[in-house]
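Working notes, structure below.
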Amino acid sequence: GQQVMQIPQYQHVQEGEDFTTYCNSSTTLSNIQWYKQRPGGHPVFLIQLVKSGEVKKQKRLTFQFGEAKKNSSLHITATQTTDVGTYFCMNGGSQGNLIFGKGTKLSVKP
Amino acid sequence: KAGVTQTPRYLIKTRGQQVTLSCSPISGHRSVSWYQQTPGQGLQFLFEYFSETQRNKGNFPGRFSGRQFSNSRSEMNVSTLELGDSALYLCASSPPGLNTEAFFGQGTRLTVV
C-alpha cells in the first residue's frame, strides 16, 4: 500500500542551526500536508502543498513539494527552542484516509 | 470557535475490558477521523466518518469500531482490550471540501494493564 517515509527520525541541533526533514512517497501524492506536534500536545496543521514544485514560506519555515510530487521537505532556518517538537508529513489521499510519515523529532539545545 | 473535544483525557483499563472514547468535532465539520499514536508506529489511521457513515477504514482488527451521530459527534470503541492497545487516541475533524486540513483534539491517553 501507499507509504510515506520520513527522515531523519531524530534531529538534535544547536539553537541557531538550520534543520530539514524529508518526506518521500513510493507513489505520486495528490497533495502533502505538514503538521507539528509539541511534546505532550496534539498535531497542529502547518501547511498544505498541492502543485508540483510548489514552495511556500512561513517566516523561518520553508516547505517544498517535489516536481514529481513524490517528495517534500520542511526546512527551518536558525532554529529556536520554540521549534522543538515532532514534524509530520501527511498524504491527504482520499478524504479522511490520511497516511502520516513517522515524523522527525526535533530537539534544540539552547 | 471551540476546538475538537475528546473525552476522557486519560483512561486506565484492564485487559479484556472494552472502552468507548468520545469526540466532538468543530461546529460545522462533518468529517471525523480517528488515529492511534504509539512511539513505535507513529500516527496510524483507524477510520473516518462523514455524515454518520464510515467512509474510510485503516488496517486495524474488528475490535476497533466507531460510529458517528447526527450531530457529527463520534465515538470509538475498542473491545477485548490488549496491552498493545495502550496508546494516545486522537480524533480530528475536517471542514467541508477536498483534502482540507485536519484539526486534532488533545487526545485520549489509554493505558491497558
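Summary table
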item	result
Residue list for segment A:12-34, restricted to those being buried (at least 18 other Cβ atoms within 10 Å of the Cβ), under 14 Å from residue A:104 (Cβ atoms) and touching a residue at least 60 places away in the same chain (Cβ under 8 Å)	A:19, A:21, A:23
Residue in segment B:10-25 that is within 14 Å of chain A (Cβ to nearest Cβ), surrounded by 15 or more Cβ atoms within 10 Å (Cβ to Cβ) and either modelled with pLDDT under 95 or touching a Pro at 6+ places or on another chain (Cβ under 7 Å) (or both) present	no
Residue match in segment B:29-38 (condition: out of contact with any Asp or Glu (no Cβ under 9 Å at 6 or more places or on another chain), in a strand (DSSP E or B) and over 19 Å from residue A:101 (Cβ atoms))	no
Meets criteria (free of Cβ contacts under 8 Å to residues at least 40 places away in the same chain and farther than 22 Å from residue B:92 by Cβ) for residue A:67	yes
When residues of segment A:30-56 are limited to those that are among the polar types (S, T, N, Q) and within 10 Å of another protein chain (Cβ to nearest Cβ), the one farthest from residue A:74 (Cα to Cα)	A:30
Residue A:87 at negative phi and either in contact with a Pro (Cβ under 6 Å, 6 or more places away or on another chain) or modelled with pLDDT under 95 (or both)	no
Strands (runs of 3 or more DSSP E) wholly inside segment A:12-99 that include at least 1 residues being of a type in the set (S, T, N, Q) and closer than 23 Å to residue B:43 by Cα	A:19-25, A:32-37, A:44-49, A:61-65, A:71-76, A:85-91
Among (1) over 12 Å from the mean Cα position of the chain (by Cα); (2) exposed (fewer than 14 other Cβ atoms within 10 Å of the Cβ) - the single one residue B:77 does not satisfy	(1)
Set A:3, A:58, A:33, A:48: member being polar (S, T, N, Q) and more than 29 Å from residue B:53 (Cα to Cα)	A:58
All strands (runs of 3 or more DSSP E) inside segment B:72-113 with 1 or more residues being closer than 27 Å to residue A:46 by Cα, touching a Phe, Trp or Tyr at 6+ places or on another chain (Cβ under 8 Å) and facing chain A (nearest Cβ under 8 Å)	B:87-94
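Conditions (1) within 11 Å of chain A (Cβ to nearest Cβ); (2) surrounded by fewer than 21 Cβ atoms within 10 Å (Cβ to Cβ), marked per residue:
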position	(1), (2)
B:8	no, yes
B:30	yes, yes
B:45	yes, no
B:60	no, yes
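The values are calculated or read from the model by the stated rules, or taken from the named source; none is laboratory data. Here the structure is a predicted model, which means the values were calculated and not measured. Methodologically, a virtual Cβ is constructed for each residue, glycine included, from the backbone with ideal geometry; neighbour enumeration extends over all protein chains shown.
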